[in-house]
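J.: Before anything else, here's the structure in question.
What follows is calculated from the coordinates using simple rules that are stated; it is not laboratory data. A quick note: this is a predicted structure, and the numbers were derived from the prediction, not measured. Because the Cβ atoms are built from the backbone with ideal geometry, glycine has one as well, and the counts that use them run over all protein chains shown.
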Amino acid sequence: MAESVKVLPQDIQEIIEVHEWDMRTREGVQRFRELKAKSLPSVALDSDLVYESLIPMQQELIDEILRRYKEKNQNE
Amino acid sequence: MAGETKTKRFIYPTQGVCPPEIHFKVNNGSLEEIRFVGGGCPGNAQLVARLLEGKPLTEALEYLVGIDCRNGTSCPDQLAAAVTSAKNGSLMPAESFRVHADVFDRCRVGLISAIEGNHVILEKLIQHMQASEIEACYCLGNLTGESDQNKDLIQKIRKHKIFAIQGANDWCYAQGQENKYLPPLEQKDRDWLLQLPQVLRFQMKQKKGIVFFGDYLQRLPDYSDFEPFALEMNMVCGLTNFMQDETVFPALEAMIPQFQADIIIFSQLKKWGHWHISGKDFISLGPASDANGVSWGQLEVADEKIEFKVMHAEYKGG
């Protein structure tokens, strides 16, 4: 999962903060439960569980990041 | 303790490198079983471990110092810091939880939990188990409880040479931190509880099993998420709430390939249960007694499959 984030374009990388949680750890399990996720892999954006059981295609992920980014900046 | 080795286990929290921890052992001044855990390049890490296996600490340090990777340090540099800390005593040996092994390959074992100081019930259970030709008895915690018979219970366990592990109450007694509802216990019984393991591992044909009480182990000092069997415990205790939350079983299935154990037995909830998921058996033990009688779990292997049964016997007294 982290690899698919690392290969995102630089302009996308600059507007996101990436956290990868290791499910082997207590911290990772706690975060998993906080997000109310049920399966792996899971991807959350701004603490919203957006993708479960799959790794999204790169363009789909970029589009969703940009959509949220624009929404946040319009509201500010 | 008779037979205790001079090997000390260390867990070093790293700084500035990919693996968050380095685990290693020092045996009579030499390095053993180095593991860079939780990240980093596994290939190079394994090579470092192989090359340094058995090397005296001073000699190992000559290879490790002065290597830079990023953040002004490197994995070898962090290992050098770890070894130096172990040498000068600033890094204490890790003993977050003790694992003992039943070294015999078993076909049928008996499982008891939540005996909580009731030695009369224990005697009844042993009699019932003997009639079922059990090869070994594993007694999970809590061994002690709000009972004035805790001492008698301990004596009985020792007399029958039962494999016993610490529950949360037992650990508290051992540390001198029991709550006010638990009656006093003599120091020699506390010392006996202190020496008990927290985890027992066993073998049934091709299946490896572990037995533990519950989540107090995760709160022990120096508990590492990367210790042997910590993953199994984290998944049972934290992810699935002792297998009570079936909605997260898909996530559990994704993690199971990383398990070392095939049979995972626990007792904290005091509820009977058996789940077979992706080739692994998860077993929750219920209490040793209730209003109707005594209960224990029978675990056996037949045709390479694990069979688990809850065995009951009527008993009104005790």
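J.: Expressed as a rounded percentage, what relative contact order does region B:1-129 have, with Cα pairs under 8 Å and six or more residues apart?
T.: Relative contact order here is 20 percent.
J.: Further question on the same structure: Quote the relative contact order of region B:177-318 in percent (integer), defining contacts as alpha-carbon pairs under 8 Å separated by 6+ residues.
T.: 17 percent
J.: How large is the Rg to Rh ratio of region B:204-318 when both quantities use alpha carbon positions and Rh follows Kirkwood?
T.: Result: Rg/Rh = 1.00.
J.: Using Cα-Cα distances under 8 Å and only pairs 6 or more residues apart, what relative contact order does chain B have, in percent?
T.: 15 percent
J.: If you take the Cα atoms of chain A, find Rg, then find the Kirkwood Rh from the mean of 1/r over all pairs, what is Rg/Rh?
T.: Taking Rh as the inverse mean 1/r over Cα pairs, Rg/Rh reads 0.97.
J.: Evaluate the distance, in nm, between pseudo-label points positioned 7 Å from the Cα of residue B:15 and of residue B:219 along their respective Cα→Cβ axes.
T.: Reported label-point gap for residue B:15 and residue B:219 is 2.9 nm.
J.: Got a sec? Which residues in region B:280-296 would a label at residue B:132 touch, if it sits 7 Å along Cα→Cβ and we count backbone N under 12 Å?
T.: B:286, B:294-296
J.: Where the convex hull is taken over the Cα atoms of region B:124-176, what is its projected area averaged over directions, in nm²?
T.: Result: a mean projected hull area of 3.9 nm².
J.: Using Stokes-Einstein with the Kirkwood hydrodynamic radius over Cα pairs, what translational diffusion coefficient do you get for the protein assembly as shown at 37 °C and a viscosity of 0.692 mPa s, in µm²/s rounded to a whole number?
T.: Translational diffusion coefficient: 138 µm²/s.
J.: Next question, about the same structure. In what sequence do B:309, B:161 fall when counting other Cβ within 10 Å, fewest first?
T.: Fewest-to-most ranking of B:309, B:161: B:161, B:309.
J.: In cubic angstrom, how much convex hull volume per residue do the alpha carbon atoms of region B:60-103 span?
T.: With only Cα atoms used, region B:60-103 gives 137 Å³ per residue.
J.: Can you flag which of A:6/A:72; B:124/B:208; B:25/B:159; B:161/B:270 are past 26 Å Cα-Cα?
T.: B:124/B:208; B:25/B:159
J.: Count, for each residue of A:24-33, the Cβ atoms from other chains sitting within 10 Å of its Cβ, then give me the mean as a whole number.
T.: That works out to 6 on average.
J.: Hey, for a label at residue B:70 modelled as a point 7 Å past Cα toward Cβ, could you say which residues of region B:14-34 have their backbone N under 20 Å away?
T.: Residues passing the 20 Å test: B:14-22.
J.: Among the listed pairs A:36/B:309; A:36/B:280; B:156/B:205; B:151/B:207, give every one whose C-alpha distance is greater than 31 Å.
T.: A:36/B:309; B:151/B:207
J.: For a Förster distance of 25 Å, can you work out the FRET efficiency between the beta-carbons of residue B:292 and residue B:180, rounded to the nearest 0.05?
T.: 0.20
J.: What's the Cα-based Rg to Rh of chain B, Rh via Kirkwood?
T.: Radius of gyration over Kirkwood radius for chain B works out to 1.02.
J.: Output wanted: per-residue J couplings in Hz (rounded whole) for region A:20-33, from phi through Karplus 6.51 cos²θ - 1.76 cosθ + 1.60, θ = phi - 60°, x for Gly and Pro.
T.: Those phi angles translate into 10, 9, 8, 5, 6, 9, 5, 5, x, 5, 4, 5, 4, 6 Hz.
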